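Structure record follows, encoded as structure tokens.
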């Protein structure tokens with residue numbers, strides 16, 4: 001079906017189980033764009049923070065609260081998932097894109113810190129709750145053999161967008177206000193919402209229809225709360241994401257105020273952390289799908305990252321810090337495309353179960369991001385240095401390794417019997433890897 005032929009919108013199309021048309025890339029590409037431009041401002045907060053502090057007159061403690069506002073929506077994402085899975089994922093996904101844009105416009109016009117904080121809290125609702133319909137859409141449009149690869153594509157594009165932003169925005173701030181960055185991002189999101197409204201629809205296969213008939217709302221929550229895999233996945237991502245997001249928020253300010261680097265140089269150093277994940281995100285997804293195993297591409301990060309984060313706070317020249325940043329980015333991003341794939345491979349779950357389970361995983365993951373900025377900001381204000389405040393954060397990525405000791409393998413090789421699962425574990429059907437066609 002041609003792109004022009006699809007320009008007349010419809011809600012759903014019924015297809016065979018094995019019919020994944022090339023048009024799927026039109027839908028997946030739009031998901032990728034929305035997933036980059038949705039949380040973009042959160043990735044830029046560290047670079048925008050000095051300009052915000054100068055204009056709105058707040059210090060380290062308030063900066064911590066502003067960082068916490070980025071995760072306010074995560075508090076209720078699990079409860080929200082029980083309700084949101086009942087609605088069309090296409091329409092719900094678009095509604096959150098519009099909410100994101102509206103929140104950014106409110107933040108752009110914020111007269112003080114408190115209005116800015118409120119707008120970011122609402123923005124966080126759009127970012128976190130929007131993952132629920134996105135996870136359902138992934139189940140409809142991405143073939144099982146491509147799941148880790150496509151997640152790698154999403155994260156690879158994320159690193160491109162964030163790296164570009166971290167390099168370009170310090171230069172742009174010489175000529176425009178941080179408010180202009182908010183406004184430009186809002187315009188992009190509104191454009192994405194319009195394109196999505198015109199072109200996206202649900203792909204309903206017989207097996208998906210059958211499993212959707214078992215969607216259970218509160219029953220999904222009960223099922224998920226009894227599956228230890230989601231708790232382990234949440235803890236694993238909590239360790240890595242909390243450290244990464246907290247460093248991204250405060251590291252530029254540390255380099256500028258305590259190390260004497262320019263904002264542009266600090267932006268380059270922080271950008272290398274994103275750049276390091278560029279090739280890794282794509283290659284890890286492909287490697288995991290080809291290898292048929294998930295865990296070997298997760299636990300090494302838990303061993304290496306604490307040492308690398310320590311070096312990012314060491315008194316090294318900027319050139320050395322940039323080199324370390326590349327390694328940090330590679331290992332920090334490496335587990336995430338695989339961790340996001342595992343919930344789709346747990347058998348005995350309906351599409352709503354998986355979406356609710358990933359919401360639980362996301363809630364656990366972002367608990368650390370909710371409290372860490374406040375704690376780091378308070379310690380920085382009391383001690384007078386961000387280095388002291390950030391040092392305790394470097395141990396959290398160890399959870400990548402610890403949780404893998406208890407998480408069963410879910411890759412296709414394990415399901416085929418090459419690697420044993422847990423006693424009594426029910427594994428998803430085997431589907432051999434193939435090329436992206």
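Quick one: work out Rg over Rh on the C-alpha atoms of the stretch 34-105, Rh as Kirkwood radius.
We get a ratio of 1.06 for the stretch 34-105.
Roughly how tilted is helix 299-312, in degrees to the nearest 10 and between 0 and 90, from the longest Cα axis of the chain?
It works out to around 10 degrees.
Given a cut-off of under 8 Å on Cα pairs at least six residues apart, what relative contact order in percent is computed for the chain?
27
Just to be sure I understand: with springs between alpha-carbon atoms less than 10 Å apart, which residue in 130, 348, 43 has the highest mean-square fluctuation in the Gaussian network model of the chain?
348
Under a 10 Å cutoff between Cα atoms, tell me which one of 306, 50, 111 has the largest fluctuation in the Gaussian network model of the chain.
In the Gaussian network model the winner is 111.
Going 7 Å from the Cα of residue 14 along its beta-carbon direction, which residues of the stretch 343-358 have the amide nitrogen within less than 19 Å of the resulting point?
Under 19 Å, as judged by backbone N against the label point of residue 14, lie 351 of the stretch 343-358.
Give the peptides 265-274, 329-338, 83-92 in descending order of average Cβ contacts within 10 Å, highest first.
Top to bottom by mean Cβ count within 10 Å: 329-338, 265-274, 83-92.
Taking a point 7 angstrom from the Cα of residue 187 along the C-beta vector, which residues in the stretch 23-56 have backbone N less than 17 Å away?
Counting only backbone N, you get 37-38, 41.
Can you order the peptides 131-142, 315-326, 390-401 by their average number of other Cβ atoms within 10 Å per residue, highest first?
131-142, 390-401, 315-326
Angle check, please: helix 113-129 long axis (alpha carbons) against the longest principal axis of the chain (alpha carbons), in degrees 0 to 90, nearest 10.
That helix lies at roughly 20 degrees to the long axis.
Taking Cα atoms, how many degrees apart are the long axis of helix 351-383 and the longest axis of the chain, rounded to 10 and kept between 0 and 90?
Roughly 10 degrees, rounded to the nearest 10.
Taking the radius of gyration and the Kirkwood hydrodynamic radius from Cα positions alone, what is the Rg/Rh ratio for the stretch 121-170, to two decimal places?
Reported Rg/Rh, Kirkwood definition of Rh: 1.09.
Each reported figure results from applying straightforward, stated rules to the coordinates on display, with no laboratory input. Only a predicted model underlies this, so the values are computations on that prediction, with no experimental measurement involved. Positions of Cβ are backbone-derived with ideal geometry, glycine not excepted, and every protein chain shown enters the neighbour counts.
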